[in-house]
Amino acid sequence: MIFGIPLQAFLGQLLVGLINGSFYAMLSLGLAVIFGMLKIINFAHGAQYMFGAFVGFLLLQWLNIGYWPALVLAPLVVGVVGMVVERTMLSRLYSLDPLYGLLFTFGLALVIEGVFRYCYGVSGQPYAAPDALSGGTNLGFMFLPNYRGWVVVSSLVVCLGTWLAIEKTKLGAYLRAATENPKLVQAFGVNVPVLLTLTYGLGSALAGLAGILAAPVYQVSPLMGSDLIIVVFAVVVVGGMGSILGAVITGYVLGLAEGLTKVFYPEASNIVVFVIMAIVLLVRPAGLFGKDA
Amino acid sequence: MSEPLLALRGLNAWYGEGHALHGVDLDVFPGETVTLLGRNGVGKTTTLRAIMGLIRKRTGTTTFGGRDLMHMPLHHVARAGLGFVPEERGIFSTLSVDENLNLPPVVAPGGMSLDEIFTLFPNLKTRRNSQGTKLSGGEQQMLAMARMLRTGVKMLLLDEPTEGLAPVIVQRIGEVLAELKARGMTILLVEQNFRFARRIADRFYLMEHGKITASFPVGELDQRMALLGEVLGV
């Protein structure tokens with residue numbers, strides 16, 4: 001027992017919170033990377049997450065390609081589609097007010113979701129976890145479904161890997177420098193337009209990866225992205241726009257906060273993230289990890 | 001005389017609706033150090049930014065080594081062999097000194113090695129792992145210059161490298177520029193401080209209201225002092 005709550009129930013909700021937090025972290029990471037570089041709030045992020053889950057689902061339906069290849073193919077497909085969208089459409093909006101980028105990606109999200117709704121309705125499609133990750137492990141104090149453990153671990157690896165790639169590699173240095181002063185980096189001879197395309201591809205691919213990871217946890221549905229993305233935007237605001245590390249840490253923390261609220265005051269669990277967002281905006285308008293707070 | 005490395009003919013440039021350059025003609029020959037003098041706001045920085053292509057609203061012709069710069073994408077200008085050291089220095093705060101130094105891609109063979117750069121700028125070596133913007137103003141200026149020397153560019157565009165720096169640092173920058181000149185680097189220097197510039201420059205251009213109004217070699221500097229005093233207000 002902990003605070004009058006059975007330990008099992010407490011840990012169970014904490015795990016649910018950690019799972020949700022894993023998806024928040026991956027999605028807000030992609031949003032932060034895109035925003036930092038392109039100065040565009042990618043409203044299509046939820047749709048790209050859903051698209052990633054559907055790529056996995058359709059690969060299985062049409063080509064009988066299973067989970068493990070899909071884990072590579074789904075982010076790849078979503079990333080490449082993202083790069084085509086950036087090159088052919090989004091890049092034309094950079095010289096305009098950032099609001100145009102926001103409106104464009106919002107419209108794009110509606111189109112993508114509309115297409116999948118038209119084809120597959122709004123009811124979810126099941127997508128089974130791979131055999132290797134079915135079942136669960138008894139940790140002694142609680143029962144952990146293997147697939148959920150896998151989600152938490154892979155999300156941590158992806159977030160840490162992305163962060164390291166941005167902080168420690170040459171390409172990451174170009175990315176950070178171009179986030180600060182794109183014109184000067186281009187005047188040094190770096191092809192910044194290509195860098196922007198790659199960044200949008202990377203951000204989209206992260207959303208697609210989160211989508212295929214989520215497919216066995218939640219059902220594959222055209223609305224799965226729009227359900228999640230509002231919370232993820234709140235995460236980005238709390239973490240501080242454009243802060244990579246802030247986005248990741250805040251993602252996990254808010255997922256856990258949501259889980260804990262479900263234990264102690266379930267009625268508030270759907271709004272706790274937004275209450276935290278409101279408080280953070282009052283106290284630190286630039287977000288917990290944002291600059292100029 | 002040989003062909004100029006950099007040649008501007010009738011260069012006009014605009015900031016939004018503001019017409020900043022009114023037909024600038026300017027030549028820099030290979031191995032030469034040329035200084036562009038003028039008061040604040042006459043268009044010196046604009047000239048450098050228009051050469052680099054950081055200002056796209058421009059007319060006239062600009063050639064570098066015979067190649068047309070006017071229709072070149074921004075990231076091809078450095079690859080053609082032009083290195084830019086901006087007035088605000090442009091050191092990246094999210095990058096370490098090392099990362100700042102290694103950021104600009106090498107565009108041609110013949111650039112300095114890191115060892116040579118650290119011999120020229122020993123301070124940078126001891127502060128390699130510091131955040132770029134944690135350096136003093138003088139060190140940031142040295143870093144801004146040093147990172148272009150690695151790349152093998154044929155010509156440097158330097159925008160007021162001595163601005164706001166202590167005399168001992170200005171002295172050091174003068175020595176570095178003399179060393180670069182001795183190595184055959186072509187330099188276009190924007191300066192207000194002609195006492196500093198006269199130690200390294202071969203020729204001067206005087207700029208007023210977006211136009212070149214005088215051009216003379218360093219030997220004529222003394223007989224032009226009255227004019228310079230009037231135009232520069234010193």
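The values are calculated or read from the model by the stated rules, or taken from the named source; none is laboratory data. Computed from a predicted model, the values in this text were never measured in an experiment. Every residue, glycine as well, gets a Cβ built from its backbone with ideal geometry; the counts of neighbours run over all protein chains shown. Ligands, DNA and RNA are excluded from the accessible area calculation, which covers all protein heavy atoms including side chains. Shrake-Rupley method; radii C 1.70, N 1.55, O 1.52, S 1.80 Å.
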request  = Could you please find all residues in the range B:42-59 being closer than 30 Å to B:MET225 by Cα, among the β-branched types (Val, Ile, Thr) and either open to solvent by 20 Å² or more (accessible area, probe 1.4 Å) or more than 14 Å from chain A (Cβ to nearest Cβ) (or both)?
outcome  = B:VAL42, B:THR45, B:THR46, B:THR47
ask   = Can you list the helices (runs of 4 or more DSSP H) found entirely within the range A:136-189 that contain at least 3 residues being of a type in the set (D, E, K, R) and within 14 Å of chain B (Cβ to nearest Cβ)?
value = A:170-180
Within the range A:247-269, tally of residues that are out of contact with any strand residue (DSSP E or B) (no Cβ under 6 Å at 6 or more places or on another chain), surrounded by fewer than 23 Cβ atoms within 10 Å (Cβ to Cβ) and in contact (Cβ under 8 Å) with a residue 12 or more places away in the chain = 8
Filter result for A:THR197 (modelled with pLDDT of 90 or more, in a helix (DSSP H, G or I) and surrounded by fewer than 24 Cβ atoms within 10 Å (Cβ to Cβ)) = yes
ask   = Has the range B:201-211 got any residue that is farther than 19 Å from B:LYS44 by Cα and among the acidic types (Asp, Glu)?
value = no
query = Of all residues in the range A:118-132, which are among the hydrophobic types (A, V, I, L, M, F, W, C) and under 22 Å from the mean Cα position of the chain (by Cα)?
reply = A:VAL122, A:ALA128, A:ALA129
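Conditions (1) of a type in the set (D, E, K, R); (2) open to solvent by 10 Å² or more (accessible area, probe 1.4 Å); (3) in contact with a Phe, Trp or Tyr (Cβ under 9 Å, 6 or more places away or on another chain); (4) free of Cβ contacts under 8 Å to residues at least 60 places away in the same chain, marked per residue:
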site: B:VAL34; (1), (2), (3), (4): no, no, yes, no
site: B:LEU37; (1), (2), (3), (4): no, no, yes, no
site: B:ASN40; (1), (2), (3), (4): no, yes, no, no
site: B:THR61; (1), (2), (3), (4): no, yes, no, yes
site: B:GLY66; (1), (2), (3), (4): no, yes, no, no
site: B:HIS76; (1), (2), (3), (4): no, yes, no, yes
site: B:LEU82; (1), (2), (3), (4): no, no, yes, no
site: B:VAL85; (1), (2), (3), (4): no, no, no, no
ask   = Can we say A:PHE23 is open to solvent by less than 10 Å² (accessible area, probe 1.4 Å) and either part of a helix (DSSP H, G or I) or at pLDDT 90 or above (or both)?
value = yes
inquiry  = Being among the charged types (D, E, K, R) and surrounded by 16 or more Cβ atoms within 10 Å (Cβ to Cβ) is the filter here; which residues of the range B:157-205 pass it?
reply    = B:ASP159, B:GLU160, B:GLU163, B:ARG172, B:LYS181, B:GLU191, B:ASP202, B:ARG203
